[in-house]
Amino acid sequence: MADLNIIERANKILTFRKYIREECRKKGLEYPSDEKIAEYIADCGGEECVYDLNDFMGDYENKIGIFKDPFNDFKAELDKINFGNKPTEAEMREFFEKNGNDIHGFIRENAIKSYHGLEKDTLLATLKLDDMTLVTLWNAFIEESAKYGEDSYIYDLKHNDDVVFINDNFPKNKIAEITRIIRNENLHGNEVRFFQWFNLNDNQIHIIEDIKGIIVAYWDEIFERIMIYPNLYELGEFNYFTNVFWEACMKHLGYKYDQTNGKLNTIQK
């Protein structure tokens, strides 16, 4: 009897596929893969599934259920954002096909397009740095420029000085709140490393997920401060201004510094 049930089910599936193929041919639709049909059958109940052609075609034609296009969710999230120059659907899809559902990445890439010339060249060079160095740059900008409150400082939970400062200066209830946030994020497989405490504003803890996005959003202001006070942006032993910013400036002008020979060479174009 078990073998008969297997044969009967196989015949049902073959017949179901046949009807789908015929219906797609009538409507001029591309035939869905056998894998997708199998997924549909499993999704609607497996062996208990009713092989309803109308239900299947309704899902398939309207792109719902297992046929839902994940791009639609990506686009829906971007449609909520008030872009200065709204990106086209073609631009969204091109990015999605290359990078997947990276909302932060798309916003960042779209914002980069607003910069030109030397501003853009120095920005692109800066974005090659790791998150820890970018946080150091951001904090240097906050301290040097004094354009924003001290609560714009980004704390690094892997930096010992920051951890000591938090333990010595944060209220106990805020330390407990941070601990709860870290625990909750860890339960969801996410690591918390960087955060801001807006104690001069709404007193909220804000987890930093995309430091590159912050750098891009404020680059016009950061760029201006670096150009005015370059010596304040060497950032310790890393020498950000010399090794990244100024090197990008020289490259923009058509030069490259040869540290080995102590010479300035013209870049061949």
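The numbers here are math on the coordinates, done by the rules we state, and not lab data. Nothing here was measured: the structure is a model prediction, and the numbers come from that model. As a convention, Cβ positions derive from the backbone with ideal geometry for all residues, glycine included, and neighbour counts pool all protein chains shown.
Cross-link pairs exceeding 25 Å in C-alpha to C-alpha distance, out of K120/K147; K12/K36; K75/K113; K63/K113; K98/K212; K36/K75, comprise K63/K113. When +1 charges are put on Lys and Arg Cβ atoms and -1 charges on Asp and Glu Cβ atoms, the dipole computed for the range 43-188 relative to its Cα centre reaches about 560 debye. Residues S152, S114, arranged from fewest to most other Cβ atoms within 10 angstrom of their Cβ, appear as S114, S152.
Think of each Lys and Arg Cβ as +1 and each Asp and Glu Cβ as -1; about the Cα centre, that makes the dipole of the range 108-176 roughly 280 debye. Along the axis of the charge dipole computed for the chain (Cβ charges of +1 for Lys and Arg, -1 for Asp and Glu, origin at the Cα centre), the listed residues F95, Y240, Y155 are led at the positive end by F95. Of the Cα atoms belonging to the chain, the radius of gyration and Dmax stand at 27.5, 86 Å. Here the range 114-269 is treated as a sphere whose radius is the Kirkwood value from Cα pairs; by Stokes-Einstein at 4 °C and 1.567 mPa s it diffuses with a coefficient of 74 µm²/s. Beyond 17 Å, the tail of the calculated P(r) for the range 79-183 holds 70 percent of the Cα pairs.
What you get for the chain, charging only the Cβ of Lys and Arg (+1) and of Asp and Glu (-1), is a dipole of about 720 debye around the Cα centre. A simple rule links phi to the HN-Hα coupling: the Karplus curve 6.51 cos²θ - 1.76 cosθ + 1.60 with θ = phi - 60°, which for the range 240-247 gives 4, 4, 5, 7, 10, 5, 5, 4 Hz, with x for Gly and Pro.
Per residue and in Å³, how big is the convex hull formed by the alpha-carbon atoms of the range 193-253?
133
Hey, what's the Cα Rg ratio for the range 51-139 versus the globular rule of thumb, 2.2 N^0.38 Å?
It is 1.54.
Got a sec? Charge dipole of the range 167-265, +1 on Cβ for Lys and Arg, -1 for Asp and Glu; which of N265, Q204, T179 is way out at the positive end? Sorting the options by dipole projection puts first T179.
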